[in-house]
1. Given R₀ = 22 Å, FRET efficiency for residue 41-residue 217 by Cβ-Cβ distance, to 0.05?
2. Take each of the peptides 183-194, 114-125, average the number of other beta-carbon atoms within 10 Å over its residues, and list them starting from the highest.
3. Would you compute, from DSSP H runs of 4+ residues alone, the mean residue ellipticity of the chain at 222 nm, taking -39500 (n - 2.57) per run and dividing by the full residue count, rounded to the nearest 500?
4. Return P(r) of the chain (all Cα-Cα pairs; 5 Å bins starting at 0; whole %; ordered from short to long distances).
5. Explain nothing, just compute: Karplus ³J(HN,Hα) = 6.51 cos²θ - 1.76 cosθ + 1.60, θ = phi - 60°, for every residue of the range 68-81 in order, whole Hz, x for Gly and Pro.
6. Spelling out what I want: for every residue of the range 223-230, take phi, set θ = phi - 60°, compute 6.51 cos²θ - 1.76 cosθ + 1.60 (Karplus), and round to whole Hz; glycine and proline get x.
7. Take every Cα pair under 8 Å in the range 10-226 that's 6+ residues apart, average their separations, divide by the length, and report that relative contact order as a whole percent.
8. Can you count the Lys pairs in the chain with C-alpha separation below 27 Å, eight or more apart or on different chains?
Amino acid sequence: MSRASLDKDPQEVAAMFDGVASRYDRANSVMTFGFDRRWRSATARVLDARPGEKVLDLAAGTAVSTSEYARNGAWCLAADFSLGMLRNGVHRAVPMVAADALHLPFADGSFDAATISFGIRNFVDTKAALVEIARVVRPGGRLVICEVSTPTFAPIRFLHAKFLRRATTLLGRFSSSNPDAYTYLAESMAAWPDQRALARIIADAGWAGVEWMNLTFGVVAIHRATKPSL
Ligand SMILES: C[S@@+](CC[C@H](N)C(=O)[O-])C[C@H]1O[C@@H](n2cnc3c(N)ncnc32)[C@H](O)[C@@H]1O
């Protein structure tokens, strides 16, 4: 399997990430010009995970995000359905579990917070996943999503739309073990809803107080929300 289609068949998506897993961390840094670290640090600040809290990092991949969120002493669990991605992160000192975002193997209200960085746009059904995540987060718990988005500054939006796809494909060729996978990533970025539309999907899934902040002119956005108390 070299790449997934935009139908986002779960087996195709998992197989595609298995294929890029060995070079994922490096390819990601190259493709984002190192901005990925800043975006994860900003996500960690918004998440504000504290010691004693249980945090689900969903679509954690190689757990590069999980280890960032665990820095303040919270118990952070890396969950992903690509065993290849998880295996390539075993050197990171965080617990890991194989899990599909649409069918989470956790009891209701198990976590104080759930977070997803650069994973949600690969889910086959965004709203259904957000409903499932709400099930495993306790009432009053938090949701924080970091994902590519739509630049708000017109010239950046122009560059983004016109050149990102080509640049991503080109960089993927140099930095990834599976260049075709980066064509899928570029396509999935272009097809992803903008900040306001994603906020609506989150609210429709039952989350309250949805708000977002833009990073790097809106190239990336962090959305946060709360699970309504009973
Ligand atoms: C781009 S990586 C993001 C990894 C990490 N969170 C980061 O910040 O770099 C996206 C991950 O989402 C995972 N993923 C996609 N769909 C999933 C699903 N339905 N359930 C669990 N993981 C999923 C993929 O396997 C992949 O590891």
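1. So the FRET efficiency works out to roughly 0.80.
2. Highest-to-lowest ranking by the protection proxy: 114-125, 183-194.
3. Working: 9 runs with 98 residues, N = 230.
Result for the chain, helices only: -13000 deg cm²/dmol.
4. Here the calculated profile for the chain is 1, 7, 15, 20, 22, 18, 11, 5, 1, 0, 0.
5. Karplus-based 3J(HN,Hα) across the range 68-81 equals 5, 6, 7, 4, 7, x, 6, 8, 10, 9, 8, 10, 7, 9 Hz.
6. Going residue by residue, I get 9, 9, 7, 10, 7, x, 6, 5 Hz, with x marking Gly and Pro.
7. Numbers: 409 pairs, mean separation 45.2, N = 217.
Contact order relative to length: 21 percent.
8. Details: 8/127; 8/162; 8/227; 54/127; 54/227; 127/227.
The number of close lysine pairs in the chain is 6.
FYI, it's all coordinate maths here, none of it is from the lab. Note that the structure is predicted; figures quoted are calculated from it, not measured. FYI the Cβ positions are ideal-geometry reconstructions off the backbone, even for glycines, and counts take in every protein chain you see.
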